[in-house]
1. Per the helix-only calculation at 222 nm, which mean residue ellipticity applies to the chain, given -39500 (n - 2.57) for every DSSP H run of n ≥ 4 and division by its residues, nearest 500 deg cm²/dmol?
2. Between Ser122 and Asn14, what length in nm is gained on full extension when 0.36 nm per residue of separation is reduced by their alpha carbon distance?
3. At 7 Å along Cα-to-Cβ for each site, give me the label-to-label distance between Leu48 and Ala106 in nm.
4. Give a quick list of trypsin sites (Lys or Arg not before Pro) in segment 1-58 that DSSP marks as loop, anything other than H, G, I, E or B, with at most 12 other Cβ atoms within 10 Å.
5. Within segment 61-103, report the trypsin sites (Lys or Arg not before Pro) that DSSP leaves as loop and that have at most 10 other Cβ atoms within 10 Å.
6. Computed from the mean reciprocal separation of all distinct C-alpha pairs, what Kirkwood hydrodynamic radius does the chain have, in Å?
7. Using a ≥ b ≥ c from the Cα gyration tensor of segment 2-50 (square roots of the eigenvalues), is it rounded, prolate or oblate, where a/c under 1.5 gives rounded and otherwise the larger of a/b and b/c decides, a/b for prolate?
8. Can you run phi through the Karplus equation (6.51, -1.76, 1.60; θ = phi - 60°) for segment 52-59 and list ³J(HN,Hα) in whole Hz, with x for Gly and Pro?
Amino acid sequence: MADDFFEPAIRSQNLRHGEGHGERVFSRLNEFDPDFSMLMQRFVWGGLYSREVLPQKVRELCSIAALCVTGKLSQLRSHFSAARKLGVDDKEIMEVIFQMAVYGGAPVVLEGLKVFEEWLASSEIQTETGEEKE
């Protein structure tokens with residue numbers, strides 16, 4: 001089964017979401033299509049997300065910006081959690097969402113803030129140990 005995982009992708013996922021997360025995500029993708037799973041592992045998580053040109057904190061803020069402006073809101077919660085785990089504070093996340101007004105307009109900002117507000121109120125926020133907040 002070790003051949004089903006690309007170790008840099010596992011490390012990248014675990015850094016953002018806690019120990020074991022990478023294995024769970026890519027095991028699920030492997031069930032759908034092992035070739036696609038390996039493509040995602042090597043190109044996205046073990047490739048782009050593992051590069052050391054940008055600090056990981058900045059890379060997550062870029063992801064939040066891109067997801068907001070392209071309207072891919074279902075992925076935002078995961079990236080809010082990853083950003084928080086990497087040391088991004090709420091003001092920084094909100095500032096990135098506000099900046100998207102320039103590129104996507106006020107509706108993009110309002111939708112992004114709505115998802116952020118829901119995330120803040122939910123149990124999706126995890127403590128630094130990976131446990132859900134109470």
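1. -18500 deg cm²/dmol
2. My answer for the length gained is 36.7 nm.
3. Result for the modelled spin labels: 3.1 nm.
4. Arg51
5. Answer by residue number: there is no such site.
6. Taking the inverse mean of 1/r over all distinct Cα pairs, the chain comes out at 15.5 Å.
7. Oblate, since a/c reaches 1.5 and b/c is not below a/b.
8. Couplings: 9, 5, 9, x, 4, 4, 5, 4 Hz.
Only the coordinates and a few stated rules stand behind these numbers; no lab work does. None of the values given here were measured: they were computed from a predicted structure. Reconstructed Cβ throughout: ideal geometry from the backbone, glycine too, with neighbour counts over all protein chains shown.
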